[in-house]
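Read-outs: derived from the displayed coordinates by stated rules, not from any lab. Being a predicted model, the structure only gives us computed values, none of them experimental. Every residue, glycine as well, gets a Cβ built from its backbone with ideal geometry; the counts of neighbours run over all protein chains shown.
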Amino acid sequence: MSADSTSGQETGALGALYRHSAWLVHYTNAILRVLVVLLLVVMIIDVALKVGMRQIDKIFHVSTSTGKTEEIPALLLIWVALIGGSLAVGERAHLGIDALVRLFPRTCRLVNDQFIHVCMVAFSAVALLWGGGKLAYFTFVTKQVTPALGLPMGYVYLAIPLAGFFNLVYLVHLLLTGILQLLGRGPEVETE
């Protein structure tokens with residue numbers, strides 16, 4: 001078997017993996033965008049109600065205490081930040097210092113991107129998915145609850161391993177894209 005036919009078969013398998021990962025990324029994007037928007041809407045409504053109740057308190061000199069609702073936006077902000085961060089990874093909108101890298105030839109930029117994505121995979125798998133999963137499990141087992149609402153803290157910490165999982169979905173797709181680009185058969189995506 002020649003090197004060209006082996007390369008074509010590898011690219012064919014990589015191409016199939018890429019198409020499957022693109023499908024998964026498409027639906028993951030749709031689901032996460034809806035989730036983040038819903039969480040933001042709940043946060044905005046909660047904060048607006050809290051501000052409105054304070055104004056009613058001032059005008060009518062009554063106590064409409066809603067102390068429990070102050071905890072809701074803080075907890076939702078954790079979810080919005082982590083899940084929104086995963087969306088940013090998928091859209092390659094995460095932070096990066098690329099002033100020097102842009103001066104490199106295209107192949108060097110692609111290799112640099114692959115290195116960065118491998119580092120992000122390691123962080124997402126170890127710190128977020130594994131470490132966050134252990135943290136969420138521990139807080140569920142020890143029955144830790146939030147101070148005002150009494151919700152299990154495990155639900156709050158569950159955002160960490162979920163963000164790690166979604167990061168991995170996006171990063172595997174980005175790695176496959178980069179490999180195909182390095183082989184000269186990938187979709188053209190702007191490199192960082």
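Legend: calculated FRET efficiency, residue 122 to residue 53, from the Cβ-Cβ distance at R0 = 35 Å, rounded to 0.05, equals 0.15. Each of 94, 173, 61, 26 was scored by other Cβ atoms within 10 Å of its Cβ. Arranged with the fewest first, they read 61, 26, 94, 173. The ratio of the alpha-carbon radius of gyration of the chain to the globular-protein estimate 2.2 N^0.38 Å is 1.37. The fewest-to-most ranking of 155, 170 by surrounding Cβ atoms within 10 Å reads 155, 170. What helices in the chain pass both tests, a Cα length along the helix axis of 20 Å or more and a mean Kyte hydropathy of -0.5 or higher, using whole DSSP H runs? In the chain, the long hydrophobic H runs are 3-60, 71-90, 106-123, 159-182.
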